[in-house]
1. May I ask you to say which residue of VAL536, VAL581, VAL542 is of a type in the set (A, V, I, L, M), in contact with an Asp or Glu (Cβ under 9 Å, 6 or more places away or on another chain) and over 24 Å from PHE630 (Cα atoms)?
2. Go through the stretch 493-520 and give me each residue that's open to solvent by 10 Å² or more (accessible area, probe 1.4 Å) and either of a type in the set (Val, Ile, Thr) or without any contact (Cβ under 8 Å) to a residue 12 or more places away in the chain (or both).
3. Mind listing just one residue for me: the one in the stretch 473-497 that is assigned to a loop (DSSP other than H, G, I, E, B) and not charged (D, E, K, R) and, of those, nearest to VAL508 (Cα to Cα)?
4. Within the stretch 364-383, work out how many residues are among the small types (Gly, Ala, Ser) and either under 30 Å from SER484 (Cα atoms) or open to solvent by 30 Å² or more (accessible area, probe 1.4 Å) (or both).
5. Report yes if THR465 is closer than 19 Å to PHE491 by Cα and touching a helix residue (DSSP H, G or I) at 6+ places or on another chain (Cβ under 7 Å), otherwise no.
6. Working only within the stretch 193-236, note down all residues that are over 24 Å from GLN436 (Cβ atoms) and small (Gly, Ala, Ser).
7. Mind checking whether some residue in the stretch 251-262 is modelled with pLDDT of 95 or more, in contact with a Gly (Cβ under 7 Å, 6 or more places away or on another chain) and open to solvent by 10 Å² or more (accessible area, probe 1.4 Å)?
8. Collect the residues in the stretch 152-193 that are of a type in the set (Gly, Ala, Ser), open to solvent by 10 Å² or more (accessible area, probe 1.4 Å) and under 23 Å from ASP119 (Cα atoms), keeping them in residue-number order.
Amino acid sequence: MRRLTGMAWGCLAASAALMTLATAAQAEEVDTPFPIAPPAAMLADGIPPIPQTLASETRPYLEFRTAGFVGWNPADRSMLITTRFANVAQLHQVRSAGAARQQISFEEEPVANGSWSPDGSMLLVEKDAGGNEVAQIYALDKGRLTLLTDGKSRHALGPWSKDGKLLAYASNQRTGIYNDIYVTDPRDPKTARMLMATESGGWAAIDFAPNNRDLLVFNYISVTDSQLHIIDVESGAIRQVTRDTVQVAYGNLAFAPDGRLWVSCDRDSDVQRLGILDTGTGVFTPMIDGGRWDISSFAISKDGDTIAYVVNEAGFSKLYIYDVASGIARAVTGLPPGDIGARMSFAPWGTLGFTVYSNQTPGDAYSLDPATLAVTRWTESETGGLDPAINVLPELVEIKSFDGEPISGLLYRPDPVRHPGKRPLIMSIHGGPEGQATAGFIGRNNYLVNELGIALFYPNVRGSTGFGKRFVSLDNGPFRRENSVKDIGAFLDRLAKYKTLDAKRFGVTGGSYGGYMCYASAIRYARQFNAASCIVAISNFVTFLENTEEYRRDLRRVEYGDERIPEQRAKLEAISPLARVDELKMPLLVVTGANDPRVPASEADQIIDAVRSRGGIAWHLLARNEGHGFRRKENGDFLFWTTLAFWQRYLLRDGKQP
């Protein structure tokens with residue numbers, strides 16, 4: 001990362017237009033008398049001035065909100081949600097369906113995670129600084145935060161005991177690296193004590209048993225391998241619950257009121273099924289399955305009679321209500337088509353709360369009566385005065401890749417009446433790689449589809465979650481990594497045959513691991529793509545593994561390969577975009593957060609320097625108050641305007657690079 005003093009940052013921010021003009025030799029000269037100034041914490045390097053007209057033209061598409069369900073207040077029956085009214089998301093309460101969203105946290109940094117005590121007397125929240133993911137735990141009362149942790153270590157808020165006397169959490173306080181397990185009475189932070197010292201970064205506290213003594217903890221080893229333990233919080237005794245002889249991925253886990261442990265896992269299955277795990281013997285008894293699809297989340301009612309669960313069908317969510325006594329499941333209808341968020345819980349009075357994200361509803365909180373299956377929308381988030389019903393819904397594209405492997409993706413096509421003829425397309429590749437493109441709200445990108453007539457395609461290449469453990473493992477290690485890049489080629493071949501798409505005007509973007517895929521696709525498919533916008537992206541697997549935060553390294557080595565092993569190191573170097581930068585000819589937009597603990601900003605610096613030293617075009621945005629992605633509205637808006645200017649220059653012409 002290029003290091004700048006505070007004064008230098010201020011000068012750069014104040015004279016952004018002059019600075020960008022100084023390096024705009026890479027780009028065309030433009031007459032922009034009133035450019036948009038970057039936010040104060042944003043470095044716009046090598047980027048021509050962004051015309052003010054973009055702000056006015058796009059403004060309605062930027063003034064949207066989403067609301068996400070967080071939990072229920074047991075004391076007053078209000079719903080806790082997260083939404084944004086200013087620059088960053090904060091916690092709000094909604095007292096009844098359709099009532100006002102009353103803001104209850106007022107921080108400069110986002111506050112999106114909160115947990116009420118079982119009696120509703122205390123609300124705990126998490127907050128980091130500048131996207132550094134070094135979260136602290138606070139008590140929130142009357143708009144003020146009281147720090148409960150040490151203020152410098154990384155913490156992860158865990159469960160309350162059922163009687164509300166204890167809170168469990170994970171922290172790297174002991175080593176500065178690994179997640180140890182702690183409990184505390186949050187009313188007296190001095191009572192905090194470590195229950196379990198660990199030697200990896202994948203540990204988390206999950207749930208207390210009804211006896212308030214047994215604490216379930218989880219060790220994430222890889223996307224296909226995890227282990228469960230139970231800690232006696234009184235004696236400190238630890239026992240391993242799972243002793244699988246093959247790798248098993250445990251997803252969601254929760255104790256029922258009768259003490260039985262319900263889990264979703266892929267034991268003896270390619271997909272995640274829901275069932276009961278005997279904590280004494282480790283025997284798993286499947287009770288519910290989603291056919292060939294994963295059960296992606298579930299919640300148990302407080303009386304234990306009802307389970308709500310979500311089936312993930314190629315990125316589209318289906319909600320079901322399961323009666324434990326009869327074993328009968330009923331499908332919930334009347335929800336917008338899209339993605340149901342992972343946070344879902346029953347209130348003590350029996351109502352289910354959850355979030356639905358759909359491109360025709362921007363993301364809102366809902367409740368469900370499990371007896372009648374009646375759905376109630378609690379929030380109706382604004383969309384800048386635009387009618388969200390005009391937004392297109394995605395269509396599922398299913399093909400076979402170069403080796404016959406079935407792969408799929410989601411295609412958003414512009415209205416052919418408003419935008420006739422062949423349309424340009426941007427392919428947007430998800431991160432992870434253990435992630436998935438789902439049918440949610442695409443936010444600002446609706447401007448591209450609705451107003452500019454650009455089609456958007458979100459591929460789920462091999463290695464994506466949601467399609468079974470065999471599929472998610474197909475890209476593991478350095479020697480199979482490029483097969484996922486070849487999947488992009490298969491999609492390109494199919495999309496080029498669409499009569500409504502202009503194969504001469506295709507662009508590619510992606511974030512995190514999707515950023516690596518962005519670079520790699522721009523290199524391998526230089527004739528098919530015109531330009532690439534790569535966000536918080538891996539440019540060299542070896543330097544990434546050496547510089548990502550230490551607690552993450554072993555987790556990432558399982559996925560990508562181990563750079564300490566000479567044979568794997570050589571292959572990791574060979575497949576890295578930096579090693580093939582001579583082939584990276586198309587214009588680049590590179591986006592970075594200075595505080596990113598996952599993909600350090602140095603990953604961007606080295607590829608920008610390499611591209612520019614060879615005479616290539618590389619626009620660069622660096623936000624010093626962001627981490628692995630942009631959470632602040634002002635930064636997100638400027639990123640969108642910059643990206644839009646980039647696509648207008650290098651994609652929306654006649655398909656030829658200037």
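The values are calculated or read from the model by the stated rules, or taken from the named source; none is laboratory data. What you see is a predicted model, and the numbers here were worked out from it, not measured in a lab. When we count neighbours, we look across all protein chains shown, and the Cβ atoms used for this are built from the backbone with ideal geometry, even at glycine. In case anyone asks, the SASA skips ligands and DNA or RNA and just uses the protein heavy atoms, side chains included. Shrake-Rupley method; radii C 1.70, N 1.55, O 1.52, S 1.80 Å.
1. Numbers: VAL536 fails: over 24 Å from PHE630 (Cα atoms); VAL581 fails: in contact with an Asp or Glu (Cβ under 9 Å, 6 or more places away or on another chain).
Exactly one residue qualifies, and that residue is VAL542.
2. Selection gives ASP493, LYS497, TYR498, THR500, THR509.
3. In the first step, residues of the stretch 473-497 are kept if they are assigned to a loop (DSSP other than H, G, I, E, B); the result is 473-480, 496-497.
Applying the additional criterion that residues be not charged (D, E, K, R) yields 473-474, 476-479, 496.
Numbers: SER473: 24, LEU474: 22, ASN476: 23, GLY477: 24, PRO478: 23, PHE479: 24, ALA496: 14 Å.
Among residues in the stretch 473-497 that are assigned to a loop (DSSP other than H, G, I, E, B) and not charged (D, E, K, R), the one nearest to VAL508 (Cα to Cα) is ALA496.
4. 2
5. Taking the combined requirement at face value, the residue satisfies it.
6. ALA197, SER200, ALA205, ALA209, SER235, GLY236
7. Yes, the stretch 251-262 contains a residue that is modelled with pLDDT of 95 or more, in contact with a Gly (Cβ under 7 Å, 6 or more places away or on another chain) and open to solvent by 10 Å² or more (accessible area, probe 1.4 Å).
8. ALA156, GLY158, ALA192
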